[in-house]
Amino acid sequence: MAIPFKSPEPRHRFTVAKETAALDAHFTKRNVPERIAGRLLIASWNVANMGAQGRTKAALRTIAHILKRFELIALQELNEEYRALIKILDFMGPNFDFIMSDTAGNNERMAFIFDRRKAQPMKLFGELALRPREYPNRTVKVRYTEEGVEKIDVFRNFRFTPFDRNPYIGTFRAGAIDFTLVNVHLYFGKFGNSKKPGLHHARDACARASRSLLNPDRISTVDRAAVVIFRAIGGADFFWRS
């Protein structure tokens with residue numbers, strides 16, 4: 001069973017119409033592009049405990065409204081119980097579909113939601129799991145901020161350990177472009193396996209470095225110069241490709 005965040009007390013009450021109108025105004029203020037031909041809107045959202053909490057119908061409708069603004073979404077923290085996502089897809093309409101991973105750390109899945117009119121899933125979907133002999137072993141220098149103070153930790157001969165949640169790879173086609181997305185949500189809760197500050201940063205650095213182990217003949221890449229990233233909603237990164 002996943003570890004849910006506590007529900008707010010008192011419970012937040014709202015109307016869907018008022019909330020979605022405010023969201024639309026926020027999208028306009030942040031210059032989120034409109035959905036048009038020749039442009040694919042991509043989003044990544046850690047939706048937090050999806051399925052582990054009893055979200056109301058109004059909340060699911062509001063989540064659906066946010067997701068529907070985009071055309072391909074990488075979703076994190078989808079619980080083993082995913083019926084809430086099915087309801088959200090119903091609210092989003094018949095053009096949207098999803099593909100999800102198996103459960104991993106904290107009994108959570110990752111998923112890709114996509115508008116079939118704009119993005120078509122290709123053949124390669126799977127989890128990035130490294131064999132023990134492939135675990136990187138290197139020195140990692142980590143710069144981070146703790147309580148407003150800049151710090152540097154150096155981890156020598158640092159050996160990567162397996163992911164709590166394997167990165168989830170999905171290949172898609174949009175128009176004439178084939179590309180690969182990697183949906184990543186590595187850790188959950190407090191990182192209590194080490195007393196050294198910054199070790200979780202080093203683990204993350206090693207995880208990112210492990211991308212070099214991917215076979216470039218099998219995994220295509222997206223031209224980073226054509227991707228614009230910005231902050232649309234707290235806790236969610238939204239970006240688009242023209």
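The values are calculated or read from the model by the stated rules, or taken from the named source; none is laboratory data. Just so it is clear, the model here is predicted, and its values are computed rather than measured. Backbone-built Cβ (ideal geometry, glycine too); neighbour counts: all protein chains shown.
In segment 106-144, of all residues being of a type in the set (A, V, I, L, M, F, W, C) and out of contact with any Leu (no Cβ under 9 Å at 6 or more places or on another chain), the one that is surrounded by the most Cβ atoms within 10 Å (Cβ to Cβ) corresponds to V140.
Residue-level analysis places F172 among those that are part of a strand (DSSP E or B), under 21 Å from A74 (Cβ atoms), touching a Pro at 6+ places or on another chain (Cβ under 7 Å) and at pLDDT 90 or above. Identify, by number, the condition in (1) at pLDDT below 95; (2) closer than 20 Å to H185 by Cα that I113 doesn't meet. Of everything listed in (1) at pLDDT below 95; (2) closer than 20 Å to H185 by Cα, I113 misses just condition (1).
For segment 89-96, check the following and say yes or no: at least one residue is modelled with pLDDT of 90 or more, over 22 Å from V184 (Cα atoms) and among the charged types (D, E, K, R). Walk me through it before giving the result.
Start the filter on segment 89-96 by keeping residues that are modelled with pLDDT of 90 or more, which leaves 89-96.
The next check asks that each one be over 22 Å from V184 (Cα atoms); those that pass are 90-95.
If we keep only those that are among the charged types (D, E, K, R) as well, we get 90.
Scanning segment 89-96, I find at least one residue that is modelled with pLDDT of 90 or more, over 22 Å from V184 (Cα atoms) and among the charged types (D, E, K, R), so the answer is yes.
Out of the residues in segment 158-169 that are in a strand (DSSP E or B) and at pLDDT below 90, state the one that is farthest from T103 (Cα to Cα). Break it down stepwise before answering.
Applying the first criterion (in a strand (DSSP E or B)) to segment 158-169 yields 158-159, 168-169.
Next cut, at pLDDT below 90 only: 158-159.
On the way: F158: 28, R159: 25 Å.
Only one residue fits best here, namely F158.
Once segment 26-58 is narrowed to residues that are closer than 24 Å to L72 by Cβ and in a helix (DSSP H, G or I), the residue that is nearest to the chain's Cα centre (by Cα) is F27. Evaluation of E19 against the conditions (1) in contact with a helix residue (DSSP H, G or I) (Cβ under 6 Å, 6 or more places away or on another chain); (2) closer than 17 Å to E108 by Cα; (3) of a type in the set (D, E) shows that the sole unmet condition is (2). Do any residues in segment 124-137 that are more than 19 Å from T171 (Cβ to Cβ) have Cβ atoms under 7 Å from those of residues that are in a loop (DSSP other than H, G, I, E, B), where the two are at least six apart or on different chains, and which pairs are they? Cβ pairs passing all conditions: Y135/F160; P136/F160. What about F27, is it in contact (Cβ under 8 Å) with a residue 40 or more places away in the chain and farther than 30 Å from F179 by Cα? No. If you go through segment 1-23 and keep only what is surrounded by 13 or more Cβ atoms within 10 Å (Cβ to Cβ) and at pLDDT 90 or above, you end up with V16, E19, T20, L23. Consider segment 24-53 and keep the residues that are surrounded by fewer than 16 Cβ atoms within 10 Å (Cβ to Cβ) and small (G, A, S). The one that is nearest to V184 (Cα to Cα) is A48.
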